[in-house]
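Here the structure comes first, spelled out in structure tokens, and everything after it is commentary.
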């Protein structure tokens, strides 16, 4: 008898009709002889509606209270799902993150899990009940309700799967799995049967939205096998797990792109020790998430430094950049929000030195200019003009013959 | 420094605009030098919307899950109110019924409070925080979320006021207080400055909807002074408290009416010991709330027996009545749902034997037939035709000179 943790996102439980369908899927999993623990997100736009009400009251709502407010969304979804499963004749009971033993630090709005004590739900599972748990929320060491931040429900699911020693954690969403590229840009993109944790991490960091970075990290650390699949059909999804011995590693898994970032260039930065540290300390202190950083070689004791950061952080960036320029003795800064990042990810590229050259060639053949480059052992990312994104993804996808059936 | 518990109903927090106004009122109470604990209901139609979603899934949703579902409504209201108060520059924190120490039995949907352990909110109050508590919900001795049933938020407020030793419990609603009659029927009806717990209990049982019976009972048992008042203006409301020594007791407080009940008559009931007990045991076992019971004198060993019960219970009544007729050897039963009950309530009538006669005279002068009569030491109720309700209430109100300024 296997123990399966299933997580359903907001679209999957977007209406009572959808909740009934999810209930059916959960019941089928149980009837196939599995113990099932289900983690749910809030229904459809519930979280946005709750956020909007808070914003009507104040632009800066109290963080502790926001966590109490937003967790109402998952509470509604979990109890409705339990009602639907009970109505279908199976025993099911729902539990809040707190009741399920998700213990976090006190960082409201982006709490970190410090412990998982699943005793209560383990007992319910042992007694033959289907267990439903509210994703996203937990209880702090100060006994307050907390939330795990963006993608929190995925993290709840993975954390419970790890603590319960589940055989698999299935992440149900509105796409069929992880693809070799965004199918809206590359219609022939192939669904990947399997990727490693590392590849998934690089893809998530490179703009693939199917799984949140944090939950993949958690899964990798605890060795929880994930499957990403659709709640709208019965197609097998994509396994995310450790590299398997003896399995030939695909050279390249896929092409990811991200147009949610802007490029910031600091001009004429004095080229001396400690300047970069000071600049990025200032920026980090302001809570801006810096992604790629590139520094060119210096001329006459001065250099240019560029980085990318989420466009969402731009309003905050203006203030801190003025300070950065003054502190560092730089000339000025420029912001360019017409960029995109295209990334090639593949665990197999470690041992293939020609991959970067092939990727640059694919872009060059399309006449696409590369503005920044950053690499890891299993990823190469290039910043290009935003308008070139689709052509870039298609060219790279074709260059590496990632199409289905190839 | 006084400790005031304020309770705001669903209409009072029906929108973010209303929540902002309630926040203003709470802050003014605190700035006047009081400690404030606020109990809130769910916003406007939230509870109905949640119920409707559950009904879309199944006509008989699981009771434990319904309690988790419905308490989401109060959770949203409490956190939004705390957000609004924090935004107004005052420290406020919200707590679920469970966090506030409302311990109940395990009767989901209509749990009874078995203990109140307000240590956590007492501490918050002592530290100078305004405390917001979700009404209606608690936590059972089995650690599950429970709800207190209809009027549960009033009960939460009174229970916390009792446990905290509050100086007063203010129940904010959409009317100005308790009136000598329904102002929609008697425009000259007078707002009562004060009624006793007993009068309030009789009025609530007689159809006055301003306070739930149960919360008044709780307040009386623990001696919590209640004030019923409007959240839409600053008018003083009505105090509900113990009779005060040396205060001249008004003869009559008011006229209440109730058209939510139907009359059931059981015809030709064998007049022998144990029959009535069997009949009303059968009915009670089916969960039907019987109100007035009248049995006429018997002729030829048979009698007729009538009782009133909520129209809402009629669907369930048909089945049980068939059983009752068979069990008791009666001839048949008749249901009349065109009735209303008018009641005269006043602590002073104990010592004035002529009150009943005056009331019957008022009805007779209007040509209104009395079908059933029931009395307590401070109340007289008559069942009449539903169509006569307004005229009956007006005639009695005039007979006892209850108009404002009289």
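In this structure, residue A:40 does not satisfy being more than 13 Å from every other protein chain (Cβ to nearest Cβ) and either touching a strand residue (DSSP E or B) at 6+ places or on another chain (Cβ under 8 Å) or without any contact (Cβ under 8 Å) to a residue 24 or more places away in the chain (or both).
Test residue A:72 against the criterion of being within 9 Å of chain B (Cβ to nearest Cβ) and in contact with a helix residue (DSSP H, G or I) (Cβ under 6 Å, 6 or more places away or on another chain), and give yes or no. Taking the combined requirement at face value, the residue satisfies it.
Residues considered: A:364, A:398. Of these, the only one that is out of contact with any strand residue (DSSP E or B) (no Cβ under 7 Å at 6 or more places or on another chain), under 24 Å from residue A:177 (Cα atoms) and either at pLDDT 90 or above or surrounded by 14 or more Cβ atoms within 10 Å (Cβ to Cβ) (or both) is A:398.
Residue count for the range A:77-118 satisfying the condition of being under 25 Å from the mean Cα position of the chain (by Cα) and over 19 Å from residue A:9 (Cα atoms): 16.
Matching residues to (1) within 9 Å of another protein chain (Cβ to nearest Cβ); (2) crowded, with 23+ Cβ neighbours inside 10 Å:
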{"site": "A:87", "(1), (2)": "yes, no"}
{"site": "A:102", "(1), (2)": "no, yes"}
{"site": "A:107", "(1), (2)": "no, no"}
{"site": "A:127", "(1), (2)": "no, no"}
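Just one of the listed residues (B:307, B:280) is outside any strand (DSSP E or B), touching a residue at least 12 places away in the same chain (Cβ under 8 Å) and closer than 30 Å to residue B:388 by Cα, namely B:280. Only a single criterion out of (1) within 14 Å of chain B (Cβ to nearest Cβ); (2) farther than 28 Å from residue A:33 by Cβ; (3) surrounded by 24 or more Cβ atoms within 10 Å (Cβ to Cβ) is not satisfied by residue A:148, namely (1).
In the condition set (1) closer than 21 Å to residue A:10 by Cα; (2) more than 9 Å from every other protein chain (Cβ to nearest Cβ), residue A:140 is compliant with all but (1). Scanning the range B:54-63 for residues that are more than 8 Å from chain A (Cβ to nearest Cβ) and part of a loop (DSSP other than H, G, I, E, B) yields a single hit, B:59. The set of residues in the range A:369-391 being within 23 Å of the chain's Cα centre (by Cα) and in a helix (DSSP H, G or I) consists of A:386, A:389, A:390. If you go through the range A:295-304 and keep only what is farther than 22 Å from residue A:341 by Cα and assigned to a strand (DSSP E or B), you end up with A:299, A:302, A:303.
Got at least one residue in the range B:132-144 being part of a helix (DSSP H, G or I) and buried (at least 17 other Cβ atoms within 10 Å of the Cβ)? No: zero hits. Against the definition (at pLDDT 95 or above, touching a strand residue (DSSP E or B) at 6+ places or on another chain (Cβ under 7 Å) and closer than 19 Å to residue B:230 by Cβ), how does residue B:71 come out, yes or no? Judged against the criteria, residue B:71 is not a match.
Residue B:121: away from chain A (no Cβ under 12 Å), under 25 Å from the mean Cα position of the chain (by Cα), farther than 18 Å from residue A:94 by Cβ and not in a loop (DSSP other than H, G, I, E, B), yes or no? The answer is no for residue B:121. Taken together, B:1, B:66, B:78 contain a single residue that is more than 12 Å from every other protein chain (Cβ to nearest Cβ) and either in contact with a strand residue (DSSP E or B) (Cβ under 9 Å, 6 or more places away or on another chain) or part of a strand (DSSP E or B) (or both), which is B:1. Report whether or not residue A:155 is away from chain B (no Cβ under 12 Å), closer than 20 Å to residue A:42 by Cα and within 22 Å of the chain's Cα centre (by Cα). Against the criterion (away from chain B (no Cβ under 12 Å), closer than 20 Å to residue A:42 by Cα and within 22 Å of the chain's Cα centre (by Cα)), residue A:155 qualifies. For the range A:8-17, taking the residues that are in contact (Cβ under 8 Å) with a residue 24 or more places away in the chain and more than 22 Å from residue A:97 (Cβ to Cβ), the one that is surrounded by the most Cβ atoms within 10 Å (Cβ to Cβ) is identified as A:16.
Consider residue B:51 carefully, then state whether it is in a helix (DSSP H, G or I) and surrounded by 24 or more Cβ atoms within 10 Å (Cβ to Cβ). Against the criterion (in a helix (DSSP H, G or I) and surrounded by 24 or more Cβ atoms within 10 Å (Cβ to Cβ)), residue B:51 does not qualify.
Considering (1) out of contact with any strand residue (DSSP E or B) (no Cβ under 7 Å at 6 or more places or on another chain); (2) in a loop (DSSP other than H, G, I, E, B); (3) touching a residue at least 12 places away in the same chain (Cβ under 8 Å); (4) closer than 29 Å to residue A:292 by Cα, the lone condition that residue A:204 does not fulfil carries the number (2). Of everything listed in (1) touching a strand residue (DSSP E or B) at 6+ places or on another chain (Cβ under 6 Å); (2) within 11 Å of chain A (Cβ to nearest Cβ); (3) in a loop (DSSP other than H, G, I, E, B), the single unmet condition for residue B:111 is (2).
The values are calculated or read from the model by the stated rules, or taken from the named source; none is laboratory data. These figures come from a predicted structure and were not determined experimentally. Counting neighbours? That spans all protein chains shown, and the Cβs are built from the backbone with ideal geometry, glycine included.
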